Amino acid sequence: MTTNVLILCTHNSARSVLAEAMLNHWAAKLGADIRAYSAGSSPSGRINPLALDVLEAAGVSTEGARSKNWDEFASESAPHMRVVITVCDSAAQEACPFWPGGPVKLHWGYPDPSNAPGDDEARRQAFEVTRQAIGYRMLQLAQLKDIEAMPDADLNAALTAIERG
């Protein structure tokens, strides 16, 4: 049974999109039955072009990437989410909707690369550093053995250990 993971960030334009793409990339490479989705509480309606650029430069598919509202995943007809991860501080502070099935919830915060100072190259570098940091955690998540069979407490402990490095 596929383990669905929802990654949330307020605007669903950079960090959550990077996380969705990186987790799907690693799951496919490793043959892990994991499917990532991303969404936001106030989606911007567009993905930051630098997020798409660094993913494509790393050989990660961006096909079908779009900015989505988290309401899309809170309905009874949505895929059952086993894990919900927030990746930005503002989303961590928001009241999340009820997620059917009571998924494991945690926060893995990253600075917003969209706010990086400097010229285009400096901002691009900030996006690449963020992609790498998120990608490393998503690799570790994709490498978890028997994730679908893990009790929630064990899964929460494993994800917390990934966060702590």
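The values are calculated or read from the model by the stated rules, or taken from the named source; none is laboratory data. Values in this document were obtained by computation on a predicted structure and should not be read as measured data. Virtual Cβ from ideal backbone geometry, glycine too; neighbours counted across all protein chains shown.
The table that follows gives values for the structure above.
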{"item": "Selection from the stretch 39-59 of residues that are within 28 Å of Asp119 (Cβ to Cβ) and either crowded, with 20+ Cβ neighbours inside 10 Å or in contact with a Cys (Cβ under 6 Å, 6 or more places away or on another chain) (or both)", "result": "Gly40, Pro43, Ile47, Asn48, Leu50, Ala51, Val54, Leu55"}
{"item": "Which numbered condition Ala19 misses (of (1) within 28 Å of Asp146 (Cα to Cα); (2) surrounded by fewer than 23 Cβ atoms within 10 Å (Cβ to Cβ))", "result": "(2)"}
{"item": "Matching helices (runs of 4 or more DSSP H) fully within the stretch 49-165 where at least 3 residues are at pLDDT 95 or above and touching a helix residue (DSSP H, G or I) at 6+ places or on another chain (Cβ under 6 Å)", "result": "49-57, 120-142"}
{"item": "The stretch 102-130 - residue that is closer than 23 Å to Glu163 by Cα and acidic (Asp, Glu) and, of those, surrounded by the fewest Cβ atoms within 10 Å (Cβ to Cβ)", "result": "Glu128"}
{"item": "Subset of the stretch 3-24 that is without any contact (Cβ under 8 Å) to a residue 60 or more places away in the chain and assigned to a helix (DSSP H, G or I) - its residue that is nearest to the chain's Cα centre (by Cα)", "result": "Glu20"}
{"item": "The stretch 33-51, subset of a type in the set (A, V, I, L, M) and either touching a strand residue (DSSP E or B) at 6+ places or on another chain (Cβ under 8 Å) or free of Cβ contacts under 8 Å to residues at least 12 places away in the same chain (or both), residue nearest to Lys145 (Cα to Cα)", "result": "Ile34"}
{"item": "Within the stretch 29-46, tally of residues that are farther than 22 Å from Ala142 by Cβ and at pLDDT 95 or above", "result": "1"}
